[in-house]
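Coordinate-derived values only; no laboratory data. Keep in mind that this is a model prediction, so the values were computed, not measured. Methodologically, a virtual Cβ is constructed for each residue, glycine included, from the backbone with ideal geometry; neighbour enumeration extends over all protein chains shown.
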Amino acid sequence: MLEIKNLQVKLEEEDKQILKGVDLTVEAGKVHAIMGPNGSGKSTLSYVLSGKDGYEVTDGSAELLGEDLLDMDAEERAAAGLFLAFQYPVEIPGVGNMTFLRTAVNSQRKARGEEEMSSTEFLKVVREKAKSLKIDAEMLKRPVNVGFSGGEKKRNEILQMAMLEPKLCILDETDSGLDVDAMKLVADGVNALRDEGRGFLVITHYQRLLDHIKPDVVHIMHDGRIIKTGGPELALEVENEGYAHLIEEEA
Amino acid sequence: MALPQPKLDATEARIAALELPEGGWSAPARKDALARLRAMGLPHARDEYWKYTRPETLVSAEAPKASVFEADEAPIFGERDRLKIVFVDGVFDAEASDELALEGVEIARLADATDIHWAKDLYGTLEANGQTPVERPLAALNTAFATDGILMRVTGKVSKPINLIYHHKSDSSDAILHHVVKVEQGGDVTILENGPAAARFNKVMEVDVADRSGFHHVRTQGRDDERRAATYIFGRLGTESTFKTFTLTVNGVMTRNECVLELNGDDAVAHVAGACMGDGDFHHDDTVFITHDAVNCESRQVFKKVLRNGATGVFQGKILVKPDAQKTDGYQISQSLLLDDDSQFLAKPELEIYADDVACSHGSTSGAIDEDGLFYLRARGLPRGIAEDLLTIAFIAEAVQEVEDEGLQEEIVERVEAWLLRRRG
Ligand SMILES: Nc1ncnc2c1ncn2[C@@H]1O[C@H](COP(=O)(O)OP(=O)(O)O)[C@@H](O)[C@H]1O
Ligand SMILES: [Mg+2]
């Protein structure tokens, strides 16, 4: 589903190489986790895949369902089925959460040549999904992420994901800043979307999220490369022993 | 003090091109205003409050021509129940207007009101007060030479808005209108204004808001591209009164909107807001002066400007708090969204405070579309154009929300959306 080959990325503004050849394949129906120390390039990978400006791809490729992702605008990638739950969801004063969600859903449908969702249908669906994430009507009315707590922002990301029904979901540290209950809500939201046709790339520091969202494959990223790939036991190993020995092994 | 010769010449040349309406109750006020005008002289680029806006085309003896704008959309406010008062190139159009009768308000034409009139004590009075400490000569010129206008005395809660509708039909029209609104105790009125008025438009609205009464004003200027306009609102607020005005300006080569308010009674509330959309050959200036002269009053100034293709926006806003105006709550924000590097925003925010127990804040910013916000929206599938428009509308939202009526807010946002849509690639 997602196929990344030898992806090399530097910053546009300065001569700084951040991704130094990433190889990664996520199959439909699978959950892949990426773990790694701060600064290893995990967020950069998620931004480059979703089309953020400021990065230059110097080599390699990334395809979603056989389509060249790197050649598309951010909105085209979204319509093609890519979703990034942001590590730091952006506050957008003046734009109502509901307006935003409905415009997003219908923009994607329009781009795919599908029928737009009516406001009644949209309201029904959004209320239902919001309820299961414990997002109240008040939060839906407020401007996007403005005045939301850390946990509310993350739940709002999952609500967007649930509404947009993407093919490939990238979650960038969606667990950071969440208490146990909020993490459970978020994990339930993700698990509800697990499906044979959908792939997940879950970026996290901690084993604890992976207790709730069971990964099929775990990758360790360090200094712009994936240095080790294994099963769920690799996450436990990191939890108990840290990254140091893996990094040494690699060097 | 003698005026510098060029200023004197320009002033006399302008006066010579005009005719002072004779006789009637307004004659003494007009005569006084003419004397004020001669003493001040018309604005010049070196005057302190005309540094950012070139006054030449607003003061010239002859109005520069402006082609008539052919609208391709229905006029705003058209769907609501209102009393229509229509002016064509600055002349009242009885045929197109509703009968000037509505419960809770007496309405008369300035040009008709030849008898002694309640407006006698007001016409030119608030304008004259508003000449210190900053001179506004074009307003004095208006009081002296206005050919028409509407006089409204509001005695109760008026059930529907009064809509002043302007039409521009001659490419050389040079209109001078002067409206007077007196809201008596307990009265409440909403005045709407819309439509291109003339090639060049000079308008004064004097508004006296008595104790415990309310004045609501929403206007749109545009979409006439070649318009030149200088407009003035002079307001006086009594105890526990409310005064709210909002202006949406789109297009126009030269627009100067001044608002001069005096909060004279305790616990009064004044909100002055505006949003403008400028593209290319566009110059828009908001000049606001709010004087707090009573206890526990609130004033808000909220101005947003969206500028592209070399458009220019100006904001000059002042809050003056007199020594006895304790517990004043004054807020002022002026912001511009520059959609490219060619556009510019010039701001002169001022606070002058002589009381010690006050809370006043002001801020002015200028910036481009927020890149992080734009990426976030696009990452959710919103095409760039739609995302940018959404962020632009979000930018002006704080100003639009100053309008109390949500239906009016929506109508205003629709016009802005249409303006943006016409420009989307
Ligand atoms: N826009 C940027 N400007 C400067 N440095 C950046 C930028 N984006 C990423 N980096 C740098 O790239 C490296 C990887 O960052 P990031 O992808 O955020 O790592 P992670 O998400 O794994 O913590 C870090 O050294 C970070 O400082
Ligand atoms: Mg990160």
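A few points about this structure:
- Each Lys and Arg Cβ is given +1 and each Asp and Glu Cβ -1; about its Cα centre, the protein assembly as shown then shows a dipole of about 780 debye.
- Rounded FRET efficiency, nearest 0.05, which uses the C-beta distance separating B:Asp356 from A:Lys131 and R0 of 51 Å: 0.45
- Peptide-level mean, for A:102-111, of C-beta atoms on other protein chains within 10 Å: 4
- Residue (of A:Thr120, A:Gln160, A:Ile227) at the positive-pole extreme of region A:116-251, dipole from beta-carbon charges: A:Thr120
- B:Val302 long-range amide H proximity, modeled H, under 5 Å: B:Val272, B:Ala273, B:Gly274, B:Ile333
- Degrees, to the nearest 10: A:97-111 long Cα axis against longest axis of chain A: 70
- Distance between the pseudo-spin-label points of A:Thr58 and B:Glu371 (7 Å out from Cα toward the beta carbon): 2.0 nm.
- Cβ-defined net charge surrounding A:Lys153, 13 Å radius [Lys, Arg +1; Asp, Glu -1]: -3
- Under 5 Å between amide hydrogens, built in the peptide plane, is the criterion, and for B:Val207 it picks out B:Val181, B:Phe234, B:Gly235, B:Arg236 among residues at least 5 positions away or on other chains.
- Of all DSSP beta bridges in region B:5-368, antiparallel share, percent nearest 5: 5
- Partner chain coverage, peptide A:91-101 - average Cβ within 10 angstrom: 5
- Note on chain B: with charges restricted to the Cβ of Lys and Arg (+1) and Asp and Glu (-1), its dipole about the Cα centre is near 740 debye.
- Computed from point charges on the beta carbon alone (+1 for Lys and Arg, -1 for Asp and Glu), the dipole magnitude for chain A about its Cα centre is near 1040 Debye.
- Residue ranges A:225-233, A:16-24 sort as A:16-24, A:225-233 when ordered by packing (mean number of other C-beta atoms within 10 Å per residue, highest first).
- Ordering of B:213-223, A:143-153 by packing [mean C-beta count within 10 Å, highest first]: B:213-223, A:143-153
- Each principal axis of region B:112-170 carries a Cα extent, and these read 38, 35, 25 Å when sorted largest first.
- Kirkwood Rh, Cα atoms: Rg over Rh of region B:5-368: 0.94
- Region B:157-171 - phi-based ³J(HN,Hα) in whole Hz, Karplus 6.51/-1.76/1.60, Gly and Pro as x: 7, 7, 6, 9, x, 9, 10, 8, 10, 10, 10, 10, 10, 10, 6
- Mean projected area (nm²) of the alpha-carbon convex hull when the protein assembly as shown is viewed from all directions: 34.3
- Karplus-derived 3J(HN,Hα), 6.51/-1.76/1.60, for each residue of region B:310-325, Hz, glycine and proline x: x, 6, 10, x, 10, 9, 10, x, 10, 10, 10, 10, 6, x, 8, 7
- In order through region A:15-27: 3J(HN,Hα) via Karplus (6.51 cos²θ - 1.76 cosθ + 1.60), integer Hz, x for Gly, Pro: 7, 10, 7, 10, 9, 10, x, 9, 10, 7, 10, 10, 8
- Restraint check, A:Lys52/B:Lys348; A:Lys10/A:Lys110; A:Lys131/A:Lys214; A:Lys30/A:Lys129, Cα-Cα greater than 30 Å: A:Lys52/B:Lys348; A:Lys10/A:Lys110
- Set of lysines near B:Lys31 by C-alpha distance (under 17 Å), chain-local residues within fewer than 8 positions excluded: B:Lys120
- Mean per-residue shielding of peptide A:53-61 is 1, counting Cβ atoms of other chains within 10 Å of each Cβ.
- For region B:70-126: relative contact order, % (alpha-carbon pairs under 8 angstrom, 6 or more apart): 19
- Relative to the longest principal axis of the Cα atoms of chain B, the long axis of helix B:27-40 makes an angle of roughly 60 degrees.
- Proximity of backbone amide H atoms, modeled 1.01 Å from N, is registered between B:Val295 and B:Asp266, B:Asp267 at under 5 Å, excluding neighbours fewer than 5 places apart on the same chain.
- Listed residue (B:Gly363, B:Ala397, B:Gly373) projecting farthest to the positive dipole end of region B:347-419, Cβ model: B:Gly373
- The residues packed around A:Leu168, meaning those with a beta-carbon under 10 Å from its beta-carbon, carry a net charge of +3 if Lys and Arg are +1 and Asp and Glu are -1.
- Considering helices alone, the calculated mean residue ellipticity of the protein assembly as shown at 222 nm is -8500 deg cm²/dmol, with DSSP H runs of length four and up weighted by -39500 (n - 2.57) and normalised per residue.
- Cβ-defined net charge surrounding B:Asn142, 9 Å radius [Lys, Arg +1; Asp, Glu -1]: 0
- Protection proxy ranking, peptides B:2-15, B:50-63, average beta carbon neighbours within 10 Å, highest first: B:50-63, B:2-15
- Listed residues A:Ser61, B:Ala387, A:Asn240: farthest to the positive end of the dipole of the protein assembly as shown (Cβ charges): B:Ala387
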